[in-house]
Each structure stands twice: as C-alpha cells, then as structure tokens.
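Novice: Dumping the structure here so I can ask a few things about it.
The values are calculated or read from the model by the stated rules, or taken from the named source; none is laboratory data. Keep in mind it's a predicted model, so treat the numbers as computed, not measured. Cβ placement follows ideal geometry from the backbone for every residue including glycine, while neighbour counts extend to all protein chains displayed. Please note that ligands, DNA and RNA were not included when accessible areas were found on the heavy atoms of the full protein model with its side chains. Shrake-Rupley method; radii C 1.70, N 1.55, O 1.52, S 1.80 Å.
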Amino acid sequence: MIIVLLGPPGAGKGTQGDRLSERCGLPRYATGDILREAVRLKTRLGLEAKSYMDKGELVPDEVVLGLVRDLLGSADAKDGFILDGFPRTVAQAEGLKALLEDQGRKLDAAIYFDVSEDELIRRLSGRRVCPDCGAVYNVHTEPPAVPGRCDVCGGRLETREDDKDIATLRNRLRVYRESTEPLLEWYGRDDSTLHKLYAAGSVDDVYERLLKVVGCS
Ligand code: AP5
C-alpha cells in the first residue's frame with residue numbers, strides 16, 4: 001500500500017503516521033524529519049535546506065524530489081510506504097506520480113488531515129521533541145510523565161526551531177495555504193484517492209477514524 005499524509009503543519013501527520021506505520025508494517029518517510037537530521041549533521045543537503053526551514057519556507061522541489069527518488073528506490077519501500085509531508089506542491093505530486101509510474105506502481109490513498117487554524121497553533125506551540133530518540137510530546141495534550149524529560153529515553157525535551165516564534169508558525173500556515181492546499185484539488189480529481197479525515201479530537205479518536213479510511217488490518 002502506498003499512502004500520502006497531507007495537511008497543514010501540526011495537523012498530526014507524524015503522530016498518526018507513526019502509529020499507522022507500526023500497524024501496517026510499512027516504513028514512514030517524513031521529509032521534514034529527514035531534512036532536520038541532515039541539518040543536524042550539517043550535510044550538504046542540510047546546509048542547503050536550513051535557511052528555508054528556519055523561515056518556514058519550502059525547500060526547493062528538485063532537492064526534495066531527489067531525496068524521495070532515493071527513498072523509493074530502497075529495498076524497504078518495495079512492499080509499500082507512507083509519505084508524511086510529501087508532496088507539498090503540485091510539482092512534487094507530479095514528480096511522485098512519474099516516479100511511481102516508472103516503477104509500475106500507483107498511489108493508493110492521499111489522506112487529508114483537516115484541523116482548524118486555532119487548534120494547529122495550539123498544537124504547534126505546545127509541541128516538544130526529544131532530540132535523542134525523536135519522541136514527540138505536547139505540553140497541553142500529550143505531556144511527558146516528568147516535565148521536560150523524555151519518557152522513552154530520559155532525554156531533555158526541546159522546542160523545534162520552526163515552532164519557536166509565532167511569525168514563523170504563521171508563515172508555515174501561509175505557505176501551506178498557498179503551495180500545498182492546491183493539492184486537495186489535484187488529488188480530488190480522483191475521488192477514490194483523496195480521503196478527508198476530520199483530525200480534531202484526541203489522538204486515539206483520530207486514529208480510530210484513520211483506520212476506517214485506510215483499513216489496514
Ligand atoms: P515537517 O517536519 O513536515 O513539518 P510540518 O508539515 O510543518 O508538520 P509538522 O511536523 O509540524 O506537523 P505534523 O502534522 O506532523 O504534527 P505532529 O504529529 O507532530 O516540515 C518542516 C519543514 O521542512 C518545512 O517547513 C519545510 O521547510 C521542510 N519540508 C519538509 N517536507 C518538505 C517538502 N515535501 N517540500 C519542501 N519542503 C519540505 O503533531 C503536532 C503536535 O500536536 C504534537 O505535539 C502532537 O503531540 C500534538 N497532537 C497530534 N495529534 C493531536 C491530537 N489529535 N490532539 C491533540 N494534540 C495532538
């Protein structure tokens with residue numbers, strides 16, 4: 001199964017994508033996570049991506065498409081995968097379609113996470129991440145047992161660089177509306193591919209709704 005998770009920053013794509021990946025036994029490829037790791041390691045990709053990410057802008061299409069081309073060619077992608085945060089532009093969606101066609105495959109589902117803007121700001125401003133193991137928390141809704149410490153590995157929790165100030169948060173939402181929202185129309189041309197998921201409510205409630213859409217047992 002090949003699944004795309006679409007939606008604004010903070011909609012819960014990573015949170016739900018992680019659960020779905022485990023349940024379906026499919027790898028989750030999150031372009032944001034891969035780019036952040038490249039920034040941390042100061043690789044050529046990371047140095048190129050950093051200035052865009054810090055401002056909440058999109059990394060250029062050709063850079064991200066190159067990254068996804070490599071992922072799709074890897075052995076663990078052969079039985080399907082979940083793409084989280086990609087595609088984000090119509091050019092990326094067209095690129096993905098062409099890459100899949102080259103492999104004789106096609107997308108099964110694009111799932112759009114629908115959440116109000118007020119809730120997105122609340123989720124993003126409350127998000128804390130563990131730099132050591134990648135676990136994600138939320139001070140409002142999913143707090144760690146010990147404030148500031150990761151439940152999984154005890155690491156010191158941090159606020160993501162692009163979650164730190166409200167101007168960057170708002171810019172990410174603007175970029176989403178301008179560049180990514182048109183994908184709803186693009187994927188919506190085929191009713192069987194696009195699924196709208198009401199993504200407000202608790203993590204468990206959203207997951208239950210998601211499983212009804214994906215039906216991976
Ligand atoms: P990326 O890392 O993809 O960030 P994003 O799209 O902004 O998405 P987020 O990770 O912020 O949100 P999410 O939907 O995964 O929410 P989460 O589950 O964490 O991209 C970062 C940057 O990289 C981009 O700005 C861009 O520069 C670059 N980039 C990445 N991909 C690119 C591409 N394809 N093209 C070009 N550039 C690209 O949840 C958020 C918080 O809410 C968490 O604290 C969580 O605990 C909480 N939460 C989740 N669900 C619920 C719930 N149901 N109720 C209450 N709280 C919840």
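Novice: Scan region 182-214 residue by residue and report those that are open to solvent by 60 Å² or more (accessible area, probe 1.4 Å) and more than 16 Å from Gly12 (Cα to Cα).
Specialist: Within region 182-214, the first condition is being open to solvent by 60 Å² or more (accessible area, probe 1.4 Å), and the residues that meet it are 185, 189-192, 196, 198, 204-205, 208-209, 212.
Within region 182-214, Glu185, Arg189, Asp190, Asp191, Ser192, Lys212 meet the criteria.
Novice: Another one. Which members of region 13-32 meet the condition of being assigned to a helix (DSSP H, G or I) and not hydrophobic (A, V, I, L, M, F, W, C)? Step through it out loud before you land on a result.
Specialist: In the first step, residues of region 13-32 are kept if they are assigned to a helix (DSSP H, G or I); the result is 13-24, 31-32.
Lys13, Gly14, Thr15, Gln16, Gly17, Asp18, Arg19, Ser21, Glu22, Arg23, Thr31, Gly32 - these are the residues of region 13-32 that are assigned to a helix (DSSP H, G or I) and not hydrophobic (A, V, I, L, M, F, W, C).
Novice: Separate question: Only residues that are of a type in the set (A, V, I, L, M, F, W, C) and surrounded by fewer than 17 Cβ atoms within 10 Å (Cβ to Cβ): list them for region 110-143, please.
Specialist: Taking region 110-143 first, the residues of a type in the set (A, V, I, L, M, F, W, C) are 110-111, 113, 115, 120-121, 124, 129-130, 133, 135-136, 139.
Result: Ile121, Cys133, Val136, Val139.
Novice: I'd like to verify a number: residues in region 186-201 that are without any contact (Cβ under 8 Å) to a residue 40 or more places away in the chain and within 15 Å of the ligand (Cβ to nearest atom), how many? Talk me through it step by step, then tell me what you get.
Specialist: Taking region 186-201 as the starting set, the residues that turn out to be without any contact (Cβ under 8 Å) to a residue 40 or more places away in the chain are 188-192, 201.
Still in the list and also within 15 Å of the ligand (Cβ to nearest atom): 201.
Residues in region 186-201 being without any contact (Cβ under 8 Å) to a residue 40 or more places away in the chain and within 15 Å of the ligand (Cβ to nearest atom): 1 in total.
Listed here are the residues, each with its yes/no results for (1) part of a helix (DSSP H, G or I); (2) not hydrophobic (A, V, I, L, M, F, W, C).
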| residue | (1), (2) |
| --- | --- |
| Arg123 | yes, yes |
| Cys153 | no, no |
| Thr168 | yes, yes |
| Asn171 | yes, yes |
| Asp191 | no, yes |
| Ala200 | no, no |
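Novice: Only residues that are within 8 Å of the ligand (Cβ to nearest atom) and open to solvent by less than 30 Å² (accessible area, probe 1.4 Å): list them for region 30-52, please.
Specialist: Matches in region 30-52: Ala30, Thr31, Gly32, Leu35, Ala49.
Novice: How many residues, within region 172-201, are polar (S, T, N, Q) and modelled with pLDDT under 95?
Specialist: In the first step, residues of region 172-201 are kept if they are polar (S, T, N, Q); the result is 179-180, 192-193.
Those still in the list that are modelled with pLDDT under 95 too: 192-193.
Of the residues in that region, 2 qualify.
Novice: A further question follows. Residue under question is Gly56, and the condition is that it be on the phi > 0 side of the Ramachandran plot and either open to solvent by 70 Å² or more (accessible area, probe 1.4 Å) or out of contact with any Phe, Trp or Tyr (no Cβ under 7 Å at 6 or more places or on another chain) (or both); does it hold?
Specialist: Working: on the phi > 0 side of the Ramachandran plot: yes; either open to solvent by 70 Å² or more (accessible area, probe 1.4 Å) or out of contact with any Phe, Trp or Tyr (no Cβ under 7 Å at 6 or more places or on another chain) (or both): yes.
Yes; evaluated as a whole, the condition is true for this residue.
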